[in-house]
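A.B. asks: Sharing a structure below in structure tokens format, with a few things to ask.
The values are calculated or read from the model by the stated rules, or taken from the named source; none is laboratory data. The structure displayed is predicted, hence computed values, not measured ones. We place every Cβ from the backbone using ideal geometry, glycine too, and count neighbours over all the protein chains shown.
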Amino acid sequence: MAKLNGFSTEVRRLPRGRTPAYRADQLDSDLLQVLAASEIPLSAYEIATRLRESVRHVMAVSIYRSLHRLCAEQRVERVEMVSGFRIKDTPGAVLAICAQCGRTVSVRVVSEHAAIEQAIAAIGFVASKVALEASGVCSRCAE
């Protein structure tokens, strides 16, 4: 076994049945595909289950890291009412969440969103996030 700078240069193999680590960019891409295929917001554990079914096993902590990264990039948003995540498709929107089927739709309300942010700032409050969500019944479920 050779040594380089005091470290072993031996190549270690993963135990049988184990796969190499998921690259962050690949995990982000796979996670976005899972979210894009769903009309309902998904939890990190639901995302992990769907990835396990289609691609490979992923630990929930890796999913949370990826979600944190994608939320910071504003490609994904957290839906507070259902503790799930979805693709962020409309900035300055209110999320309409169906209480029966879970389907979530963005409704663009940029001026109202800005007015709320201004009102909050006027009282000296620094908001890190403004979440506008409405719960009710969608047109599909109302029929």
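A.B. asks: Which of the following residues is of a type outside the set (K, R) and under 20 Å from E39 (Cα atoms): V76, V126?
C.D. replies: V76
A.B. asks: Starting from segment 40-57, keep only residues that are free of Cβ contacts under 8 Å to residues at least 60 places away in the same chain, then list their pairs with residues that are of a type in the set (D, E, K, R) whose Cβ atoms are within a distance under 7 Å, requiring at least 6 positions of separation or different chains.
C.D. replies: Close Cβ pairs satisfying both conditions: L51/D30; V55/D30.
A.B. asks: So if I check each of S62, S83, which one is surrounded by 14 or more Cβ atoms within 10 Å (Cβ to Cβ), polar (S, T, N, Q) and under 23 Å from L31 (Cα atoms)?
C.D. replies: When all the criteria are applied, what remains is S62.
Residue-wise test of (1) modelled with pLDDT of 95 or more; (2) in contact with a Pro (Cβ under 6 Å, 6 or more places away or on another chain); (3) among the small types (G, A, S); (4) loosely packed, with under 11 Cβ neighbours inside 10 Å.
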{"site": "E39", "(1), (2), (3), (4)": "no, no, no, no"}
{"site": "R50", "(1), (2), (3), (4)": "no, no, no, no"}
{"site": "Q118", "(1), (2), (3), (4)": "no, no, no, yes"}
{"site": "G136", "(1), (2), (3), (4)": "yes, no, yes, no"}
{"site": "E143", "(1), (2), (3), (4)": "no, no, no, yes"}
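A.B. asks: Looking at segment 106-115, is at least one residue surrounded by 15 or more Cβ atoms within 10 Å (Cβ to Cβ) and at pLDDT 90 or above?
C.D. replies: Yes: segment 106-115 contains one or more residues that are surrounded by 15 or more Cβ atoms within 10 Å (Cβ to Cβ) and at pLDDT 90 or above.
A.B. asks: Does K129 satisfy being among the basic types (K, R) and farther than 14 Å from I40 by Cα?
C.D. replies: For K129, the condition - among the basic types (K, R) and farther than 14 Å from I40 by Cα - is met.
A.B. asks: Have a look at E117, E77 and point out the one that is out of contact with any Asp or Glu (no Cβ under 6 Å at 6 or more places or on another chain), in a strand (DSSP E or B) and among the acidic types (D, E).
C.D. replies: E77
A.B. asks: Step by step: first the residues of segment 86-105, then only those that are out of contact with any Cys (no Cβ under 8 Å at 6 or more places or on another chain) and of a type in the set (G, A, S), then the one that is surrounded by the most Cβ atoms within 10 Å (Cβ to Cβ). Which residue is that?
C.D. replies: Looking at residues that are out of contact with any Cys (no Cβ under 8 Å at 6 or more places or on another chain) and of a type in the set (G, A, S), I get A93.
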